[in-house]
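Data first, discussion second: the structure below is written as structure tokens.
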Amino acid sequence: QVQLVESGGGLVQAGGSLRLSCAASGRTFRTNTMGWFRQAPGKGREFVAAITWSGARTIYADSVKGRFTIARDNAKNTVYLQMNSLKSDDSAVYYCAASPRVLVTTTANYDYWGQGTQVTVSS
């Protein structure tokens, strides 16, 4: 089992920034990719960004490229999502997830999920 705990969500004005954190614990040795997803009310859960466990490779959804940055701190078993130039469309519950597969972008490929953290961007 892998436990994931997100933090850092909140209310921010459009154009502002937030940094989300995801602390991983448990049997993380089987994890090859950490990802961030988001889900807005009435919509499906969508991929945002992912990073390999080593931190060497990343991938982003087109909607966040150039604005969001995913990174990890191996010493702390923590993954971060730095979100800049936030828009109202970025408002959603953000979830951290862990996968044994490499740099995957679909929810079905992730085995463990955090509880989510709310991000609200006011216009």
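The values are calculated or read from the model by the stated rules, or taken from the named source; none is laboratory data. Keep in mind it's a predicted model, so treat the numbers as computed, not measured. Note: ideal-geometry Cβ built from the backbone for every residue, glycine included; neighbour counts use all protein chains shown. The area values use the complete protein model at the heavy-atom level, side chains included, leaving out ligands, DNA and RNA. Shrake-Rupley method; radii C 1.70, N 1.55, O 1.52, S 1.80 Å.
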Whether any residue in segment 102-111 is on the phi < 0 side of the Ramachandran plot and assigned to a strand (DSSP E or B) is what I want to check. no
Those residues of segment 57-98 which are under 21 Å from R27 (Cα atoms) and not basic (K, R) amount to A71, D73, N74, A75, N77, T78, V79, Y80, Y95, C96, A97, A98
If we keep only residues of segment 19-68 that are open to solvent by 70 Å² or more (accessible area, probe 1.4 Å) and in a strand (DSSP E or B), then the residue farthest from T106 (Cα to Cα) is R19
May I ask you to verify whether V12 is farther than 22 Å from T107 by Cβ, part of a strand (DSSP E or B) and open to solvent by less than 60 Å² (accessible area, probe 1.4 Å)? yes
On the given criteria, is T120 over 11 Å from the mean Cα position of the chain (by Cα) and part of a strand (DSSP E or B)? yes
Tell me, yes or no, whether segment 85-96 has at least one residue that is within 13 Å of L4 (Cβ to Cβ), of a type in the set (S, T, Y) and touching a residue at least 60 places away in the same chain (Cβ under 8 Å). yes
What are the pairs, 6+ residues apart or on separate chains, where a residue within segment 36-57 that is under 22 Å from G8 (Cβ atoms) has its Cβ under 6 Å from a residue that is assigned to a loop (DSSP other than H, G, I, E, B) and open to solvent by 60 Å² or more (accessible area, probe 1.4 Å)? F37/R45; Q39/R45; W53/N32
Do you know which of the residues in segment 71-95 that are open to solvent by 10 Å² or more (accessible area, probe 1.4 Å) and of a type in the set (A, V, I, L, M, F, W, C) is modelled with the lowest pLDDT? A75
Expected output for segment 101-120 (first residue among the basic types (K, R), partner surrounded by 12 or more Cβ atoms within 10 Å (Cβ to Cβ), Cβ below 8 Å, 6+ apart or cross-chain) is R101/N32; R101/T33; R101/N109
Assess whether A98 counts as being closer than 20 Å to W53 by Cα and open to solvent by 60 Å² or more (accessible area, probe 1.4 Å). no
